[in-house]
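Report on the following structure.
The values are calculated or read from the model by the stated rules, or taken from the named source; none is laboratory data. Remember, it's a predicted structure, so these values are computed and weren't measured experimentally. As a convention, Cβ positions derive from the backbone with ideal geometry for all residues, glycine included, and neighbour counts pool all protein chains shown.
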Amino acid sequence: MNMTWLLAKRQLHSYFATPIAYVFIFIFLVLAGVFTFYLGNFYERGQADLSAFFNFHPWLYLFFLPAIAMGLWAPERQLGTIELLMTLPIGVRNAVLGKFFAAWLFAGLALLLSFPIWLTVNYLGEPDQGVIIAGYFGSWLMAGSFLAIGSCMSATTKNQIVAFIFTVVVCFVFMVSGVPMVLDAFAWAPSWVTDFVAGLSFLTRFDAIARGVLDVRDIIYFIAMMVFWLFLTEVVITRNKAS
């Protein structure tokens, strides 16, 4: 685990070695504010909560997090530095976890910097702090799932743009799997199939947590998604290494 955290620190430091990280965080915060106060009608709703803020997180993550994840492995494969990385005294699993944790911590930092919105809602009213904390926690868990998928997609190609597109498509499928239009396509299937497809939806799982309902099944779902896609990332990298 020491090697995992050393690699995570190295990866996290590389984000801030260029202005790209600062630009990313700035744009994320600006768009989060625009969506909350304008599209989400934060003031007009007259309610002291952050539902208008959290409702747009899945859609923000759909494009921002693949932009982070696409650079996890694709550049390493393109430049051939992945072979050099694998010669270091670290295992493939440590490398996968190190890069993922760095991206996840970066996403968490961007999320924490949205605290002025939390200050605003506390100034205007007396919100339920437990619900807000649950919303932030659920948002960070969902971000981890997006990044785990992006890590796997990045490991499958040498092209960052292709990795970005693959990640957006896969994440979008998981997002809308609980939408009635999608479920109607499985009307022919047994009810357990429909329930299974609906249960894969990021939107459904996150919406419950954002409302303050911390169901263990929703938490396990996001953790399982991260574990599954990071395992696939390890498998892909190991196969590429062997070839």
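Do the conditions hold for ALA21, that is, is it in a helix (DSSP H, G or I) and closer than 24 Å to MET142 by Cα?
So ALA21 fits the description; yes.
Could you please find all residues in the stretch 183-224 being among the small types (Gly, Ala, Ser), in contact with a Phe, Trp or Tyr (Cβ under 8 Å, 6 or more places away or on another chain) and touching a residue at least 60 places away in the same chain (Cβ under 8 Å)?
First, the residues of the stretch 183-224 that are among the small types (Gly, Ala, Ser): 185, 187, 189, 191, 198-199, 201, 208, 210, 212, 224.
Checking the rest, the ones that are also in contact with a Phe, Trp or Tyr (Cβ under 8 Å, 6 or more places away or on another chain) come to 199, 201, 210.
Passing the criteria: only ALA210.
Can you tell me which of (1) within 15 Å of GLY178 (Cα to Cα); (2) out of contact with any His (no Cβ under 8 Å at 6 or more places or on another chain); (3) crowded, with 20+ Cβ neighbours inside 10 Å is the one PHE206 doesn't meet?
Every condition holds for PHE206 apart from (2).
Going by the conditions given, is LEU72 in contact with a Ser or Thr (Cβ under 7 Å, 6 or more places away or on another chain), assigned to a loop (DSSP other than H, G, I, E, B) and either charged (D, E, K, R) or within 30 Å of PHE228 (Cα to Cα) (or both)?
Details: in contact with a Ser or Thr (Cβ under 7 Å, 6 or more places away or on another chain): yes; assigned to a loop (DSSP other than H, G, I, E, B): yes; either charged (D, E, K, R) or within 30 Å of PHE228 (Cα to Cα) (or both): yes.
Yes; evaluated as a whole, the condition is true for this residue.
Restricting the search to the stretch 31-47, which residues are under 13 Å from LEU60 (Cα atoms) and either part of a loop (DSSP other than H, G, I, E, B) or of a type in the set (S, T, N, Q) (or both)?
THR36
Just to be sure I understand, how many residues within the stretch 41-58 are of a type in the set (Gly, Ala, Ser) and in contact (Cβ under 8 Å) with a residue 60 or more places away in the chain?
Within the stretch 41-58, residues that are of a type in the set (Gly, Ala, Ser) and in contact (Cβ under 8 Å) with a residue 60 or more places away in the chain number 2.
Just to be sure, is ILE219 modelled with pLDDT of 95 or more, out of contact with any Cys (no Cβ under 7 Å at 6 or more places or on another chain), surrounded by fewer than 17 Cβ atoms within 10 Å (Cβ to Cβ) and of a type outside the set (Ser, Thr, Tyr)?
When the stated conditions are applied, ILE219 does not pass them.
Looking at LEU97, LEU39, LEU62, which one is within 26 Å of SER201 (Cα to Cα), out of contact with any Leu (no Cβ under 6 Å at 6 or more places or on another chain) and surrounded by fewer than 16 Cβ atoms within 10 Å (Cβ to Cβ)?
After applying the criteria, what remains is LEU39.
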